[in-house]
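Visitor: Here it is: the structure, laid out below.
Here, each number is a calculation from the coordinates, and none is a lab measurement. Since we're looking at a predicted model, the values are computed, not measured. Please note: Cβ atoms are built from the backbone with ideal geometry, for glycine as well, and neighbour counts cover all protein chains shown.
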Amino acid sequence: MMTNLFSTFDPSTNLNLSLNWLKTLIGLLIIPSSFWLIPSRHSMLWNNIMTTLHKEFKILSGNPELKGSTLIFISLFSFIIFNNFMGLFPYIFTSTSHLALTLTLALPLWLSFMIYGWLNNTIHMLAHLVPQGTPPALMPFMVCIETISNIIRPGTLAVRLSANMIAGHLLMTLLGNTGSSLSIVMLNFLIMAQILLIILESAVAIIQSYVFAVLSTLYSSEVN
């Protein structure tokens, strides 16, 4: 039962294709539309979203004068939200439900922040290990706690994204499997519940990609 249930997230069993990871690159096909002479509504809406995110990430980064600092976080947001939405379509593999992808995004970012911070701002990074106003007797414990919380950051970023994607898809799969044994009246309620779940998953897809990008920006601001 569990093997059949979680096979939804297996890239090799979905349509018997092992190339479902290539779906993450389909977004490259829509990039040329941004170079049209007359922009479409889609490109204008996306430009407005990117401008808003640029202003917000610039404030969160703590260094507004640094040019191009928000480009990596806007690209990260775009990549995650695209893959989250692609996973809502039938028979399409949800790549963001795998730790192989989410850890690949979170771990290099965190590692680069740590290397940059400890090499260039060592005193600042050491000061972060002891919050201001901590009693001297608690300082060794606070250093241990802050160190552990710092080390698990890439894991929490990756697990938060993948767990939210898995939870919604599992719920829709469980409800969908009961449809064949329901009456007509209950089937109508099931369809309404599935529609509400898809709307909820669409909101989760946006929120989780935004949270991932914002937390990455906040982590980068701590090393400056």
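Visitor: Each residue of region 73-83 in turn: what ³J(HN,Hα) in whole Hz from Karplus with 6.51, -1.76, 1.60 and θ = phi - 60°, glycine and Pro shown as x?
Guide: The phi angles translate into 6, 5, 5, 5, 4, 5, 5, 5, 5, 5, 5 Hz.
Visitor: A follow-up question, please. Take SER216, SER221, SER69 and order them by how many other Cβ atoms sit within 10 Å, fewest up front.
Guide: SER221, SER69, SER216
Visitor: So, one more: Each residue of region 158-175 in order: what ³J(HN,Hα) in whole Hz does its phi give by Karplus 6.51 cos²θ - 1.76 cosθ + 1.60, θ = phi - 60°, with x for Gly and Pro?
Guide: Ordered by residue, 3J(HN,Hα) equals 5, 5, 4, 5, 5, 5, 5, 5, 5, 4, x, 5, 5, 5, 5, 5, 5, 5 Hz.
Visitor: So, one more: Taking the Cβ of each residue in SER162, SER97 as the centre, tally the other Cβ atoms inside 10 Å and list the residues starting with the fewest.
Guide: Arranged by neighbour count, lowest to highest, SER162, SER97 become SER162, SER97.
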